[in-house]
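Here the structure comes first, spelled out in structure tokens, and everything after it is commentary.
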Amino acid sequence: MAATQVPPLHPEITGWLPVKRAAPDASALGSQPVTNHIAPDPRAMTKSDNPELAAAKRLLDIAKSRGFAFERIAPGPDGPLRGVRETLQFRDEVYLGGCGAPDSCSATRRRRSSLIVPGGLPVAQQLRGDALTVLHTVLWDWTA
């Protein structure tokens, strides 16, 4: 029976970064660092983050890896975010106004067309809710 190879964990998916440390006997291994230990990514979550905020940050990272480009639409570190993803069939837009507040976030999926449509592209789906609901729906129910 052949051994199966496990794929490496990527920091953008897990929120963890490898820790590099010197081997106990550096003369035997040369000066190569050992990367077999994993530590949490300090950017992913701080002690003051509540579980909802930490989950929203992870979903935001996944959204970025799935083609969304986010920008802050108001000044400040807690300003609202706008994310856009363009595919051949749809233009998805996400507005994140707050993490825990109900109806503070929204998303719109518009069907793309080669025609110029007065009033903009036709809306295929819309939703409002908190950040976790909106991000989860956009990432898992709206296929790219």
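The values are calculated or read from the model by the stated rules, or taken from the named source; none is laboratory data. This is a predicted model, so every value here is computed, not measured. Heads up, the Cβs are rebuilt from the backbone with ideal geometry, glycines too, and the neighbour counts pull from every protein chain shown.
Points worth noting:
- Any hit, the stretch 111-123, residues being under 30 Å from Asn50 (Cα atoms) and assigned by TED's automatic domain parsing to the domain that holds Lys57: no
- Any hit, the stretch 75-88, residues being of a type in the set (S, T, N, Q), exposed (fewer than 12 other Cβ atoms within 10 Å of the Cβ) and over 14 Å from Asp130 (Cα atoms): no
- Criterion violated by Val134 - all others in (1) surrounded by fewer than 13 Cβ atoms within 10 Å (Cβ to Cβ); (2) part of a helix (DSSP H, G or I); (3) of a type outside the set (Asp, Glu) satisfied: (1)
- Of the candidates Pro51, Pro40, the single residue that is modelled with pLDDT under 90 and not assigned by TED's automatic domain parsing to the domain that holds Arg112 is Pro40.
- Residues being touching a residue at least 24 places away in the same chain (Cβ under 8 Å) and not in a loop (DSSP other than H, G, I, E, B) - total across the stretch 87-103: 5
- Among the residues listed as Phe90, Phe70, the single one being in contact with a Leu (Cβ under 7 Å, 6 or more places away or on another chain), of a type in the set (Phe, Trp, Tyr) and either within 30 Å of Ser113 (Cα to Cα) or modelled with pLDDT under 50 (or both): Phe70
- In the stretch 55-71, the qualifying residues are those that are assigned to a strand (DSSP E or B) and either surrounded by fewer than 13 Cβ atoms within 10 Å (Cβ to Cβ) or on the phi > 0 side of the Ramachandran plot (or both), and the one that is farthest from the chain's Cα centre (by Cα) is Glu71.
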